[in-house]
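Inspection log for the structure reproduced underneath, given as structure tokens.
The values are calculated or read from the model by the stated rules, or taken from the named source; none is laboratory data. These figures come from a predicted structure and were not determined experimentally. Cβ sites come from the backbone with ideal geometry, for glycine too, and all protein chains shown count toward neighbours.
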Amino acid sequence: MGIIKAIIGGIGTTLRKPRLLIILYVVNAVFALVAALPFLVIVQGELGHSLLGSFVQPLDLMWIGEAVLEHQGSLAALLAGLAAAALVYLVLHVFLNGGIVGRLLDREGRATLPAFTADCGRYFWRFVRLFLVALVFYVLTLGVFMSLVSALFKPMTESAVTEWLPLILSNLHFLIALLLLSIVHMVVDYARIAVVADEERKILKALRHALTFLRKRFFRAWAIYLLIVALTVAGTVVFYAVLGIFGTPGVPQVAAGLVLMQIYVLFRIWVRTVFVAAQAEFYRAHPY
Amino acid sequence: MKNRIIGACLMLGAALVLLPVPATPGQTAASPSAGAPGLRYEIWVELDAAGKMLLGKEEIVWTNPTKDAVPDMLLHLYWNAFKNEDSAFLREARAETLFSRGDSPEDGEWGWVDVTDIRLADGSDLKPSLAFVTPDGPETEGDQTVARVLFPAPVQPGESVHLRIEFRSKVPRTVARSGYYRNSFFIGQWFPKPGVYEEGKGWNCHAYHQNSEFFADFADFVVHITVPRGFVVGSSGKPSETRVDESSGTTTTTYRQAMVHDFAWMADPRYLKVEQEFVADREVTPKEYEDTAALLGLPVDEVRLPNVKMILLIAPEHKGQSERHFRALRAAIKYYGLWYGPYPYETVTMVDPPFRTGSGGMEYPTLFTAGTSVLASRNVLSPEGVIVHEFGHGYWYGLAASNEFEAAWLDEGFNTYSTGQVLAVAYGAGSLGFSFKGWPIDWFLRIPKTFDFETNRVAAIATVEFDPVTAWSWKFYNGGSYGANVYMRAATLLSTLERLLGEPAWPRIMRTYHMRYRFRHPTKADFIGVVNEIAGKDMTWFFDELLDATRAFDYGVAGLSSIKVPRHLRGVYDTDGTRVEWTDKKIEESETLYRTTVVLRRYGEACIGGDARIKVLVRFKDGTTETRTWDGQARWTRLELIKPVEAESVQIDPEGVWLIDENLANNSRGVDGTRRNVVKLMSQLLFTIQCLLHFVGSWS
């Protein structure tokens, strides 16, 4: 199967299952709303009655600086709360992954909430084990391999004559890290698909399926991955360009900006499902 | 009649006192052409590029300007700060909790200066008396950055002493402001330099501290710099003659500069030297001269600027940014010159700091270091900001040469304030300089643009509880408190004072202060004296309350209500001989009145003084406004207004005079609340959290 066909197939699958997107969007939005509540209390308390609330800009340094200073005592708690919320969301997403992959691989089935949650429950513990194994790979990639790359670059950086070489090496280091992470991420994606598609209960076996699959068609699989990353980047650029139009304060602009931001979140969620769907299409076209 | 005359005299007197005084013209006691009255240096220095050493000879002629008989001399040996970890500098660097200006050098990379010989011109050997001293107390016992030498006999008032010193210095590797990297050298604070003798007090000669800069007397310098052939040299002063020695493969250039208090130089074989002229008549229009003269109350001829030779030493990889450097320097020469006084030297040398020499963003008389990167965004005012700032130090430190050890705010604060003013008028607001992996973020995202006074203010309000602005440099809580106080808080206070006193008083204050203390060592008291003199009122409270104390300034609106009140209370009233009964119905039919109650609070400890008042602006729903003032002495006050219209909002300090106020959100209050931007901010925050969660989830 060609990579374009896989991506088009993935897009088609996600468009046929809009409820899946709605479920994921609602979970994301509700969770974010809860995490944002403490900040809302602060902003409302600070600006709810102040005229500053009429003209303060989202990145108004004058106000943000003041607010941070005034609430510096609780800032650590707020950020810790946000980090804890992110961790809980991570676990929640491990749960949701079962529903995402399960519903996307079930070509004929509908993405109803009961079917989705059933898949979530069915694959949860397998995906938890896979996540833990993936963590090891992420740590190895970032911690060990990238340290080796750093050690390789260090003598060149230290003896540089101008700032160009350290700049180039630093960017190269970052690029290598990104590419390596993308490969690990992709392997984990395919292992997750293998768990569902092959009804594999053993995680290491699922990983082996993924690796065997990728060994034969690594570059095509990676190209699918990178093309979808490119799609995300392109969408993000368009989003920020359009958002800039709504920069001036005013009720219609605020409302339009709010809607646009939510459309972008939905876009990101859609791209993520396209990711999985395209990889699933590609995997299914080449059975293990 | 007598009373009238007295009244008229009093009014005239008051008017004279209150009317802004013109900036005082022609108060410079000295100029570079006149030369320094009491100190002369001639230095011969050779750079051993391979051994990273300086070999130097120095002749110092010091004339005792005081009525004291001076038995000794204290010399700064700054590079001994990098000799070992027992120096005050490195001890303080290790103890620093926030911003360390220099880590300990690596093994083999220490720097130091050894005085190998010191004698009088008549040959008397002073070396036996040379000893390290710790003027800043026993806690820096191992410090060797100050040495004392005893004279055979005290130097009498008006008498001169002629010293001949030989020294050998090891150039440190990339530590605060000086150092080498490969074949690049930046040489600052490098030669044995006397402290400043203060009558009745002795030598003012502090150790080199982590959070401090320098203090020295004005002098005439002649410096002969010898470097390996092929090295490009940039230096304080004006090059006069160059001599090539084929046998030793060296080049020696002589630089001369009168009336400066320090001398720095750099050498790098890769560097490019570019020269341009600041042509005053091209940069400043006749109208700008006229407007400036009118504002300052001076004759036009007194604000005219001279031409200045601008020399840029720049790394080849930054060559494309040369014009950016020159444009910023032209703006700095123009506006500092117009506002504070003409630049008095013939040359200014701008050095793009050699890679990894740790020398960027530093000022020396007639020479300063800038700092840029190969990927520099045009929207971020860098290197412009650093160029304007470091050139500006030529005024605040270079000319009005305050003691940077004991009153760093007098140069850093004044110069941070002045930098913001120049950037605002020459460039407008600039983007914040965020970058990722060397790439300016504003190439990809729209970063909000800000003026310096806005960013300064955020730092200013963050730091008030730690230290007074006027603390001695090395006695601040940490590097963060030092920086935020002496740079940003001091600048914010000056901006506040500017808004408080307005034009033309403020520009005249700055001009007079600078010109009166040019080539001198002004103190806080000198500045307060000028402020009070020109403003025509006693502003000492401002400095006591906001610079010397650690009190937060925060006035705010605690409450606003506007409620309907009956014009009359029920019952029977005798009015103009008739008896009228006010019934509920009658009251309801009569004109509606509203009682608007405003509660103001002084949340902070700091208190305004003198004739300063907090302005209170109440807006009503029919568009009318009422203004009141509050003397701000009590912790709170309540204002009541009865009007036939409901209030809409109240705002204190509507013109934004009190920039130092640390909470602007509580400066206003609307009756109905203003939620539009709360929604906007929260939608942004919600979006950010949604994206963050999505990102986190994608790694599951």
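Before moving on, here are some points about what is shown:
- Positions within the stretch B:147-161 being assigned to a strand (DSSP E or B) and surrounded by 13 or more Cβ atoms within 10 Å (Cβ to Cβ), in sequence order: B:Ala147, B:Arg148, B:Val149, B:Leu150, B:Phe151, B:Pro154, B:Val155, B:Ser160, B:Val161
- Matching residues in the stretch B:562-616 - criterion: being polar (S, T, N, Q) and over 18 Å from B:Lys643 (Cβ atoms): B:Thr575, B:Thr578, B:Thr583
- Just one of the listed residues (B:Gly385, B:Gly398, B:Gly394, B:Gly361) is away from chain A (no Cβ under 14 Å), under 24 Å from B:Tyr271 (Cβ atoms) and at pLDDT below 95, namely B:Gly361.
- Test result for B:Ser212, among the hydroxyl-bearing types (Ser, Thr, Tyr), touching a Pro at 6+ places or on another chain (Cβ under 8 Å) and modelled with pLDDT under 95: no
- Of the helices (runs of 4 or more DSSP H) that lie entirely inside the stretch B:413-501, those containing 3 or more residues that are more than 18 Å from B:Asp548 (Cα to Cα) and within 12 Å of chain A (Cβ to nearest Cβ) span B:452-462.
- If you go through the stretch A:22-54 and keep only what is more than 7 Å from every other protein chain (Cβ to nearest Cβ) and at pLDDT below 85, you end up with just A:Gly45.
- Among residues of the stretch B:196-218 that are in contact (Cβ under 8 Å) with a residue 24 or more places away in the chain, those with a Cβ under 6 angstrom from a residue that is assigned to a strand (DSSP E or B) and among the charged types (D, E, K, R), sequence gap 6+ or separate chain, pair up as B:Asn204/B:Glu198; B:Ala216/B:Lys193.
- Subset of the stretch B:628-655 [within 14 Å of chain A (Cβ to nearest Cβ) and in contact with a Leu (Cβ under 8 Å, 6 or more places away or on another chain)]: B:Ala647, B:Ser649, B:Val650, B:Gln651, B:Ile652, B:Pro654
- Taking every residue in the stretch A:1-22 that is over 10 Å from A:Ala277 (Cβ atoms) and pairing it with any residue that is charged (D, E, K, R) and assigned to a helix (DSSP H, G or I), at least 6 positions away or on another chain, the pairs with Cβ-Cβ distances below 6 Å are A:Ile3/A:Arg220.
- Count of the stretch A:107-162 residues which are part of a loop (DSSP other than H, G, I, E, B) and under 27 Å from A:Val184 (Cβ atoms): 0
- Residue match in the stretch B:615-624 (condition: among the β-branched types (Val, Ile, Thr), free of Cβ contacts under 8 Å to residues at least 24 places away in the same chain and within 13 Å of chain A (Cβ to nearest Cβ)): no
- Counting only strands (runs of 3 or more DSSP E) that sit completely within the stretch B:232-285, those holding 1 or more residues that are in contact with a helix residue (DSSP H, G or I) (Cβ under 7 Å, 6 or more places away or on another chain) correspond to B:272-278.
- Evaluated against (1) buried (at least 18 other Cβ atoms within 10 Å of the Cβ); (2) in the same structural domain as B:Lys193 (by TED's automatic domain parsing), B:Arg256 falls short on exactly one condition, (1).
- Flag for A:Val149 being in contact with a Phe, Trp or Tyr (Cβ under 7 Å, 6 or more places away or on another chain), β-branched (Val, Ile, Thr) and in contact (Cβ under 8 Å) with a residue 12 or more places away in the chain: no
- Criterion (among the acidic types (Asp, Glu), within 30 Å of B:Glu46 (Cβ to Cβ) and in contact (Cβ under 8 Å) with a residue 24 or more places away in the chain) met by exactly one of B:Glu288, B:Glu275: B:Glu275
- Qualifying position, being of a type outside the set (D, E, K, R) and at pLDDT below 95, among B:Ala69, B:Ala29: B:Ala29
- Looking across B:Leu305, B:Leu298, one residue alone is under 30 Å from B:Ala535 (Cα atoms), outside any helix (DSSP H, G or I) and without any contact (Cβ under 8 Å) to a residue 40 or more places away in the chain. It is B:Leu305.
- Residues of the stretch A:65-86 classified as facing another protein chain (nearest Cβ under 8 Å) and over 21 Å from A:Leu52 (Cα atoms), total: 3
- Among the residues of the stretch B:663-677, the ones that are at the interface with chain A (Cβ under 7 Å from one of its Cβ atoms) and surrounded by 20 or more Cβ atoms within 10 Å (Cβ to Cβ) come to 9 in all.
- Among the residues listed as B:Ala49, B:Ala121, B:Ala69, B:Ala93, the single one being farther than 24 Å from B:Phe263 by Cβ and in contact with a strand residue (DSSP E or B) (Cβ under 6 Å, 6 or more places away or on another chain): B:Ala69
- Residue that is surrounded by the fewest Cβ atoms within 10 Å (Cβ to Cβ) [pool: residues in the stretch B:464-491 that are at pLDDT below 95 and over 16 Å from B:Asn211 (Cα atoms)]: B:Glu465
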